[in-house]
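Written below as structure tokens is the structure these notes are about.
Where a number appears in this text, it was derived from the coordinates with a stated rule and is not lab data. This one's a predicted model, so the numbers in the text were calculated from it and none came from an experiment. We place every Cβ from the backbone using ideal geometry, glycine too, and count neighbours over all the protein chains shown.
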Amino acid sequence: MTVGRENLLSINGLRLKQGERILLVEDSVALSTLLTQRLEEETGATVTRCGSLSAARKNIAEGTFLLALTGLNLPDAPNGEILDMLLQEEIPTIVFTAMFDADTRERCTRKKIVDYIVKDGTKTVDKVVQTVSRILANSAHKILVVDDARAARSELFEILSRQNFHVLEARSGRQALEILTSDETIDLVITDHHMADMDGYELTRRIRQTRNSEQLRIIGISSSSDRLLSASFLKAGASDFIYRPFVHEELKCRIDNNVETLTQLNHLRRLAEQDYLTGLANRRHFFSTMRQHGRDATQGSIALLDIDHFKTVNDTYGHDAGDAVLQAISLVMADMCIPAKHMPARIGGEEFAICLSQLDAFQAHSFCEELRKRIEERVIEVGNRSISATISIGVVEFEPGETFENQLNAADQLLYLAKANGRNRVYSTLTIPEAINAIASAGG
């Protein structure tokens, strides 16, 4: 019942890491200017541009670069000498060129470039931006290479590392299963078929017992002459299959396609599970998760919270300010919940819920009190205005065997007591007598 930070904090959509440096080597000022503008706007990277081999060498001496983009023919390097220099400096390189024949492909393959782009009029800039964005985004993906032959593993490791993937290695099927058990963030497994302890078919079958194709992609590889082997792999649950010796471009494209498929599936899942405004889990996902796991929870608590006088915020400052308050409070919740593996959700207009994993009544009350204080102290800047907000919270510890609906209703009653007794406070089973006496006194 946990949710990742990337799911919670995606209010403004996916943005690549700020400050990544890209070296752009292009002697056309018009193309260089346009590429720089688009790359910086759409990837968040910092682009250093130059128009010659000598200028590129000077920039590399002054700093490090994650990636280089270059043409093959420069004023002081007409025969592709720029590739030799970038290879020597171990900078992953994307080539864009007006001509791309068999000789050029062979030269680029030999120089171990990351990718190449054929200049195609107005589409060139779009292709470059898409390719760079993909390479930068690859750093978020983990790939596990499984092969009992060290040379074969090293070859794949080098290819994948140049593509900016986070690469792990396993020398046997059994070790691969151990790694997958300990690391649920692996996105793709590339496995050879013939291995001493467990063949790739059996490894694929075992992986699919716990991880489906929406969670993990599998590519089988083999130098076998058995043309039916690919069908066996696919029926066992593999997402793709490649025969050795493979063409590097084909391997790269197949890996990219599988990663893109997984990215799209994750995006669709986030759209279905996230609240559009705050990035927190939405009502449907929270209720579904709690109903699925609630009866199995042996320890934990559930909290409901409302933003106090939220209608007044909307009426006084407008709905944009109201949205800013909702987002600010959601960020505070995310910052507190994610490290502790709790699950926060927006379940109504200004109403939120949190599944507090493994927290008993005392711990849950303390957690909610800290959350209340942090939100009370938060100043929310909206235009030239500073807005403050407070919350009321009701929290109950899980009762074994109780339905989710009953536990939610108990938290809702405590939330009502917190609001009726002055707001900006936490009520739990620890404070029920105090709340009842306060309300009785007010009524008397």
For region 41-118, Rg(Cα) over 2.2 N^0.38 Å is 1.07
Rg [Å, one decimal], Dmax [Å, integer] - region 106-244, C-alpha atoms: 16.5, 53
Return Asp147, Asp76 ranked ascending by Cβ neighbour count within 10 Å, so the fewest neighbours appear first. Asp76, Asp147
Under a cut-off of 29 Å between alpha-carbon atoms, report the lysines in cross-link reach of Lys111, not counting same-chain residues fewer than 8 places apart. Lys17, Lys58, Lys119, Lys123, Lys127, Lys142, Lys252
What is the fewest-to-most order of Tyr201, Tyr317, Tyr427, Tyr276 by other Cβ atoms lying within 10 Å of their Cβ? Tyr276, Tyr317, Tyr201, Tyr427
Which percent, nearest 5, of DSSP beta bridges in the chain are antiparallel? 40 percent
With +1 at each Lys and Arg Cβ and -1 at each Asp and Glu Cβ, the charge dipole magnitude of the chain around its Cα centre, to the nearest 20 debye, comes out at 340 debye
Lysines near Lys373 by alpha-carbon distance under 25 Å, same-chain residues fewer than 8 away left out - which ones? Lys311, Lys341, Lys419
Name the trypsin sites (Lys or Arg not before Pro) in region 189-258 that are in a loop by DSSP and that have at most 13 other C-beta atoms within 10 Å, would you? Arg227
For Cα Rg over 2.2 N^0.38 Å, with candidates [x] 1.24; [y] 1.06; [z] 0.97, the value calculated from the shown model is option [x]
Gain on full stretching of the segment that runs from Leu87 to Arg378 - 0.36 nm per residue minus C-alpha separation: 99.7 nm
Given contacts defined as C-alpha pairs under 8 Å and at least six residues apart, what's the relative contact order of the chain, whole-number percent? 12 percent
Got a sec? How would Ile117, Ile375 order by Cβ neighbour count within 10 Å, fewest to most? Ile117, Ile375
Report, by chain and number, residues whose modeled amide H sits under 5 Å from the one on Arg49, excluding near sequence neighbours (fewer than 5 apart, same chain). Leu24
What residues have an amide H closer than 5 Å to that of Arg244, excluding those fewer than 5 places away on the same chain, when H is modeled at 1.01 Å from N in the peptide plane? Ser222, Ser223, Ser224
